[in-house]
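Only one structure is covered here, and it is reproduced in the block below.
Just so it is clear, none of the values below were taken in a lab; they were calculated from the coordinates. Not measured: the values here are computed from a predicted model. Cβ sites come from the backbone with ideal geometry, for glycine too, and all protein chains shown count toward neighbours.
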Amino acid sequence: MRKKSNVLSAIFLTLCSIIVLAPMVYTVSNSFMNTEEILKYYANDSTFGKYSAFHLIPDHVSFEAYFQMLLSRPDYLVKFWNSLWLTVTIVCGQIVISSLAGYSFSKLKFRGSNILFYLVIVMMMMPYQVTLVSNFIVLEKFRLVGKYAAVILPMIFYSFGVFLMKQSFDAIPNEVLDAAAIDGASEIQILFSIVLPMSKPGLGSLIILGFLDAWNMVEMPLVLLGDRSQYPLSIFLAQIATDNMSLGFSCSVLALIPPLLVFLYFEDELVEGIRFSNLK
Amino acid sequence: MLPKRRIISKSTFQSKTVRYPTSPFEREGCCIKRNSRVGLWFALPFLCGFFLFYIIPFAVSITYTFQTGRNEFAGLSNYRSVFASSAFQLAAINTGRFILVGVPLVVAVSLMLSLLLFRNFSGSALFRTIFLSPMVMPVASVAMLVQVFFSDKGVTNSILSLLGIPVQSWIQSDWAFVLLILLYIWKNAGYNLVLFLAGLKSISHEYFEIAMLEGAIGWDTFRYVTLPMLRPSLFFVLVISVVNTFKSFREAYLLGGDIPHKSIYVLQHFINNNFAGLNYARLSVAAFSVFVVLAALVFWLYKANRRVSEEL
């Protein structure tokens, strides 16, 4: 009885997994088709009448799309590099700022810190557009609109990161910090040599979630970067996809690789970290 | 700004440590209270940016809502005109509808999957990774696939026409809403699932054993043991799910641009379009309304959560 229901649930979970993985598998397999094959199956005057056909397995495995993307023009690699350094800069900033603030909200409460933390939670929930105009006005005052700093600076002060770090620091018993304090460690030493190494789950989740958010940003660059040539891969990708589909698939794979690697590397930390993030 | 000093009276450690009481919510039993002035210094870098880029300009933008274009005091006329405009009403209704449909669905799906994974131990780590993986898929790639499959000449229509079923204009019809909801569930179920799994693992086995001894089976155990014990996780899942409904705007934008089909025209489109038209007053009214509603929601969830934690 028990065994039978287990088999049934395993079958059900496998079916769900197939649905969940389908988009990624489809993108990767289509990236190994050459332009002709893509046109044959998806173009308006394809051999299959006016509709696109479902086409999962390539007729001939071809690296043409990858060659085009990597070698024929520098654009795609430049965009990729743009996105990468923007994202890495933002995530590094978030780690420093969020750890300091999270430590303060968790272990060094000061007068008003509870109210401030409530404000952080409220801001964390807001859609980006709510603070869009506010952001724009300040950045314009500093003459930063149109520069990369306009995207980087506001993203570094990431409410969700502060929230995440605070929750994961809350899980560390105060006795540990007290012991270090008695041994003469300063607060900054306690944070960097004791608390942070103990909060790998929180850090890991911050890195994954911050990375994904920055890597996929759409709204901010559209408004805050003036020049189309500055757009990161996340926006450029949408354009490529409409212009040249086979390149769209291969660029999708390119755009998928960094977040996938970060995700696989920090997955265990993310799962642990999500466990701590429950509201208290 | 310095908090008053007070000697601990009810501490477990009867030492002479000086204590700086900071808030009524402070946890009991912590004995060495380190200098809380340092705390402000640690939070300062964040608070500077947070106030500079978000809070202060947002407060300034609230004043725009009471002004006309020529900086004259306008009273509530901006509010009246925005609330009466059909674009705002459509956007507000759609945003609310997306939350009311999407959040319960994603919670139900992820709760069901987590219950299955919780029982099914072998391979559950692999399934967990698979269900989390949509997180890493770039939004633009997802949008491209949706175009491939659901544009007027897309794969779905080709299959429908083969079967002799009338074709649909998926992205430019009410189906766009359904597509967006499905994408939302696909993307977010994994994260919620992990939250629920963590909640399930924290429930002591004894509860299930007692329930079994009392003769509870299947649904009863779920209804009277699992669900009440999961309530703390549920609150956070709800908060995160609401946050993530707003992120669906990215998909909506990449699929429909500035003016998508009216079934997926949400408040973010309204704000964005007013920004493009430099209509700050209307934009700020919408932004401030979202802020008020969400702040009230967070407050209510926070209070409800505290009540539940005290019950347990």
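Structure summary
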read-out	value
Residue-count net charge about residue A:12 - beta-carbon cut-off 14 Å; Lys, Arg +1, Asp, Glu -1	+2
Average beta-carbon neighbours from other chains, 10 Å sphere, peptide B:147-160	5
Simple label model, 7 Å out from Cα along Cβ direction - residue B:122 to residue B:205, nm	2.0
Cβ-placed point charges (K, R +1; D, E -1), dipole of segment A:70-276 about Cα centre in debye, nearest 20	560
Efficiency of FRET between residue B:99 and residue A:78 - r from beta-carbon atoms, R0 41 angstrom, step 0.05	0.60
Amide hydrogen neighbours beyond the local backbone of residue B:67, cut-off 5 Å, H modeled	B:74
Angstrom value of the Kirkwood radius, inverse mean 1/r, which spans all Cα pairs in chain B	23.9
Alpha carbon convex hull of segment A:70-276, projected area averaged over orientations, nm²	13.5
For residues of B:233-242, the mean tally of beta carbons on other chains within 10 Å	3
Formal net charge of residues neighbouring residue A:262 (Cβ-Cβ distance under 15 Å; K, R +1; D, E -1)	-3
Karplus-derived 3J(HN,Hα), 6.51/-1.76/1.60, for each residue of segment A:96-112, Hz, glycine and proline x	5, 4, 5, 5, 4, 5, x, 5, 5, 5, 8, 10, 10, 4, 10, 4, x
Computed magnitude of the charge dipole of chain B (debye, nearest 20; Cβ of K, R +1, Cβ of D, E -1)	1380
For segment A:1-148: span of alpha carbons on each principal axis (Å, largest first)	69, 62, 28
GNM top mover of A:12, A:63, A:117 - chain A, alpha-carbon springs below 10 Å	A:12
Förster radius 25 Å - calculated FRET efficiency between residue A:264 and residue A:18, Cβ distance, rounded to 0.05	0.80
Estimated inter-spin distance, residue A:114 and residue A:242, nm [label 7 Å along Cα→Cβ]	5.1
Long-range tail of P(r) for segment B:206-312 (Cα pairs > 24 Å, %)	50
Translational diffusion coefficient (Stokes-Einstein; Kirkwood radius from C-alpha pairs) of the protein assembly as shown at 10 °C, 1.306 mPa s, in µm²/s	61
For chain A, with +1 on Lys and Arg beta carbons and -1 on Asp and Glu, the positive-most of A:11, A:112, A:51 along the dipole	A:112
Chain A: angle of helix A:233-243 to the longest principal axis, Cα-based, in degrees nearest 10	10
Charged-residue dipole, Cβ positions (Lys, Arg, Asp, Glu), the protein assembly as shown about Cα centre, Debye nearest 20	1920
